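For reference, the structure discussed in these notes is given below.
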Amino acid sequence: MHDDSWISPPPAPAPAPAEEGAYTGPPPVLAEVVRSGFAEGRHRGSLVLLGPDGAVERAWGDVAGQVFPRSANKPFQAAAVLRAGAGTAGSLTGERLALAAASHSGEPFHLDLVRKMLAAAGLSEDDLRNPPDLPLDPEEREAYVAAGRTRDRVAMNCSGKHAAMLTACVAHGWPRDSYLAPDHPLQRTVRETVEETAGEEVRHVGVDGCGAPLLSLSLTALARGFRRLVLAAEGTPERRVADAMRAHPEYVAGTRRWDTWLMRGVPGALAKVGAEGVQAVALPDGRALAFKVDDGALRAVGPVLARALALLGVRSPVLARIGAAPLLGGGEQVGEIRATI
């Protein structure tokens, strides 16, 4: 049982909430860049808030059109890996399952666990098909380079997901070299899981930055998918992923990331960011949100996320930490990026 005392009563819905698919105007401004009292830039996008019953309570912009959720799809992909049998022998539980749904920062504990996951399945780093990269977190990247290291596959933020996918292939005896092909049995399972959990047919398939198939959804479907993860019956693949992520949020993101701060600061919350300004969150009572910043600027995500959570009724000190996006001038704060919704 999660303590829901941090949730206030639902806010009053907008006088005329946007109907799904009804928005035809330009994307609204979700955040503005204010320097020395002057608005020098604006970030447009779309945002949807769901009530406990899954209905759209408020919406800004186009929440029915398709977007690539990018890494916000990872919890669904992790559930698919469990459906494919990767966790039947207890090999994908706890921190390992959280890391399967992660965009990890590349901290030492992330990299160590990826290597352990590979070894447990009789695999090596050479079996990974994600591209080599440096750690995602700037501080970790600096330390990594200062130590004389170069890009490798384990350091790439999606390596936990890829290790989990390979684990499923080993469990099933599926081909490992082609595990990223859209017609591979594992990727077919991923698509089925995404469509079933989000309640929407995938209309576009692309290639994600890590090389895995990238499946499109509407923001409304993405939010409903996260809602289904937290409300799924205990023991199901979907609930196991949600519970692992919430129990081990440092493995989902890192010690300096807002997904971690949110899941630590708001008990029962499930959060996952995606590249190009995507974010999805579900609360334990079924409220959920999803948004995309159109220009892909991650700097706007924290302020918009904090404001959207407040509109859902969340009252927690962590919102101030998540929403802080100062602008510096001469080494001093002279402005901020702030939500306008």
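The values are calculated or read from the model by the stated rules, or taken from the named source; none is laboratory data. Predicted model, so just to flag it, every value in this text is computed and none were measured. Here the Cβ is made from the backbone with ideal geometry for all residues, glycine too, and neighbour counts use every protein chain on show. We work out accessible area using only protein heavy atoms, side chains counted, and drop any ligands, DNA or RNA first. Shrake-Rupley method; radii C 1.70, N 1.55, O 1.52, S 1.80 Å.
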For the chain, with every protein chain kept in place, what is the accessible area per residue (1.4 Å probe, Å²)?
-> 40
In sequence order, calculated HN-Hα J values of the stretch 111-116 (Karplus, 6.51, -1.76, 1.60; Hz; x Gly/Pro) | 5, 4, 6, 4, 5, 5
Taking amide H positions as placed 1.01 Å from N in the peptide plane, with prolines and chain starts having none, which residues 5 or more places from ALA31, or on another chain, fall under 5 Å of its amide H?
-> HIS43, THR340
Among SER71, SER218, SER178, which one moves the most in a GNM of the chain with springs linking Cα atoms closer than 10 Å?
-> SER178
Net charge near GLU142: determine it from the other residues with C-beta under 15 Å of the C-beta of GLU142, scoring Lys and Arg +1 and Asp and Glu -1.
-> -1
Would you pull out the residues with amide H under 5 Å of ARG58's amide H, same chain only if 5 or more places away, H placed 1.01 Å from N?
-> LEU49
Cα lying deepest toward the dipole's positive end in the stretch 106-188, options PRO175, VAL154, SER124, charges on Cβ | PRO175
For the chain, what % of the accessible area comes from carbon and sulfur atoms, probe 1.4 Å?
-> 50
Dipole in debye (nearest 20) - the stretch 46-147, about Cα centre, beta carbon charges: Lys, Arg +1; Asp, Glu -1 | 400
Expected vector for the stretch 256-267, Karplus 3J(HN,Hα) from phi with 6.51, -1.76, 1.60 and θ = phi - 60°, integer Hz, x for Gly and Pro, equals 10, 10, 6, 4, 5, 4, 5, 5, 7, x, 10, x
Taking Cα atoms only, helix 237-247 is inclined relative to the longest principal axis of the chain by an angle, in degrees rounded to 10, of 70
What angle, in degrees between 0 and 90 and rounded to the nearest 10, separates the Cα long axis of helix 185-198 from the longest principal axis of the Cα atoms of the chain?
-> 30
Please give the contour-minus-distance gain from LEU298 to VAL145: 0.36 nm per residue of separation, less the Cα-Cα distance, rounded to one decimal in nm.
-> 52.7 nm
Modelled FRET efficiency - R0 30 Å, ALA119 with VAL34, Cβ distances, 0.05 increments = 0.05
For the stretch 155-231, with only Lys/Arg (+1) and Asp/Glu (-1) charged at the beta-carbon, what is the dipole magnitude about the Cα centre, in debye rounded to 20?
-> 220
In debye to the nearest 20, how big a dipole does the chain give about its Cα centre with +1 on each Lys and Arg Cβ and -1 on each Asp and Glu Cβ?
-> 180
Taking the chain as a Gaussian network, where each spring joins two C-alpha atoms under 10 Å apart, which residue of THR150, THR93, THR255 fluctuates the most?
-> THR150
Cysteines without a disulfide-compatible partner [the chain; Cβ-Cβ under 4.7 Å] | CYS169
Degrees between helix 74-83 axis and first principal axis of the chain (Cα, 0 to 90, nearest 10) = 40
